[in-house]
């Protein structure tokens, strides 16, 4: 079997950008190759046309192009022609694309197309209570409706997307993202910097960073020595129009808390794992995710995670067993849970140990790749 992935991001030195979607695709791609499946990745909106091969995965970089009019339409047709030619040349059986922006709207492929719900603009607008542009909704709906089947990283993301676009429930299968667990080992979970909190993700309103600032203020009131480390790109704020969300949350921090915050910006992926290993607690008070790769990465490193209690997170964490679930707006309880972990080393270690076991059970990419293969076969009628 040969599989093709259409994406705007993928972790590779030649590719412009890579985040959670790209990481999840790469994890799956490498695992599929390990099981004898041929994998080709089509990365659009790049600076140049190029080809690379990495860990057995063929990577086609497709340059972004402009046209005199209707660039969005003509670029899609150009992508369609290129992808179809490679599909024929490499005997690709099935294609997979993300729901975000409806990139496959107006495209016709010679093999079945699966849409994976990484998170459409419509999905995030619903969770954030934002109005979506009509054009964006129509592009996403058109792309999604034309697919043969769908994969959701959580049952919650699948059900919410089904309701938004009026999809057939029987065509949606929940298959979790996964990790190459051997790359997320922590052999010394008892060694860490006490009373330190780590947040990883874009500094953006939907990730709960405004609430995190208030939570940290509460924590510092109780434990003045507490530290907060923030890793990720700073983003403009959609509500105020401010160019920097971090500058907005800086104004929320108390004087004492602000002195104990380190904003590292975006750093190399390998360094992120080292930061996870060194901290006491990881926290992700997000209002909008489909799953959240950094959550399961932190759990795999045996870190106690205090996460949002919204939908998708309930499929990652069993509250009080392998992490904590608290709604981001419940500032007092959120701070209380982190302080509980700070004040009880045995509890922190036990929850971290249970978190690793949960990840091994549900998020091992080798197991989940086999589930993907069987689902692909069912779509192909094998």
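Rule-based calculations on the coordinates, nothing more; no lab input. Computed from a prediction, not measured in an experiment: that's the story for all the values here. Glycine also receives a Cβ, built like all others from the backbone with ideal geometry; neighbour counts cover every protein chain displayed.
Give me the distance between the Cα centres of the stretch 297-355 and the stretch 71-127, rounded to whole Å. If we compute the Cα centre of each part, the gap is 37 Å. Put simply, the convex hull of the Cα atoms in the stretch 284-382 casts, on average, a shadow of 6.8 nm². Based on the Stokes-Einstein relation at 4 °C and a viscosity of 1.567 mPa s, and on the Kirkwood radius from alpha carbon pairs, the stretch 181-362 is assigned a translational diffusion coefficient of 80 µm²/s.
For residue 188 and residue 128, the difference between the fully extended length at 0.36 nm per residue and the C-alpha to C-alpha distance is 17.7 nm. Computed extension gain for residue 266 through residue 361, at 0.36 nm per residue and net of the alpha carbon distance, reaches 31.2 nm.
On the beta carbon distance between residue 321 and residue 202, with R0 = 30 Å, the FRET formula returns roughly 0.55.
Against the chain, whose longest principal axis is taken from its Cα atoms, helix 155-165 shows a tilt of about 50°.
Any idea what % of Cα-Cα pairs in the stretch 334-381 are farther than 17 Å? Of all Cα-Cα pairs in the stretch 334-381, 57 percent lie more than 17 Å apart.
Dimensions of the stretch 143-199 based on its C-alpha atoms, expressed as ranges along the principal axes with the largest first, amount to 50, 25, 18 Å. Classify the stretch 153-283 from the C-alpha gyration tensor, please: rounded if a/c falls under 1.5, else prolate or oblate depending on whether a/b exceeds b/c. It is oblate, given that a/c is not under 1.5 and a/b is not larger than b/c.
Per-peptide packing, taken as the mean over residues of other Cβ atoms within 10 Å, places 282-293, 102-113 in the sequence 282-293, 102-113 from highest down. Helix 365-380 and the longest principal axis of the Cα set of the chain meet at an angle near 30°. Just so you know, the Cα atoms of the stretch 75-123 work out to an Rg and Dmax of 11.4, 35 Å. Per residue, the convex hull spanned by the Cα atoms of the chain amounts to 133 cubic angstrom.
Label reach from residue 91 (point 7 Å along Cα→C-beta): in the stretch 107-126, amide nitrogens under 18 Å belong to 110-112. When the Cα atoms of the stretch 1-102 are aligned to their principal axes, the ranges along those axes come out at 45, 29, 24 Å in descending order.
Under the simplified labelling scheme, the residue 70-residue 333 pair shows an inter-label distance of 5.2 nm, with each label point 7 Å from Cα along Cα→Cβ.
Any chance you could check the Cα centroid distance between the stretch 1-44 and the stretch 169-246 for me, in angstrom? Centre-to-centre (Cα) distance: 25 Å.
Let a ≥ b ≥ c be the square roots of the eigenvalues of the Cα gyration tensor of the stretch 246-317; is it rounded (a/c under 1.5), or, if not, prolate (a/b larger than b/c) or oblate? Note, shape of the stretch 246-317 comes out oblate. Once the Cα atoms are used to define both axes, helix 209-222 deviates from the longest principal axis of the chain by about 20 degrees. Counting every pair of alpha carbons in the stretch 75-209, the share spaced more than 21 Å apart comes to 55 percent.
Here the relative contact order of the stretch 181-362, from alpha carbon pairs under 8 Å that lie six or more residues apart, stands at 26 percent.
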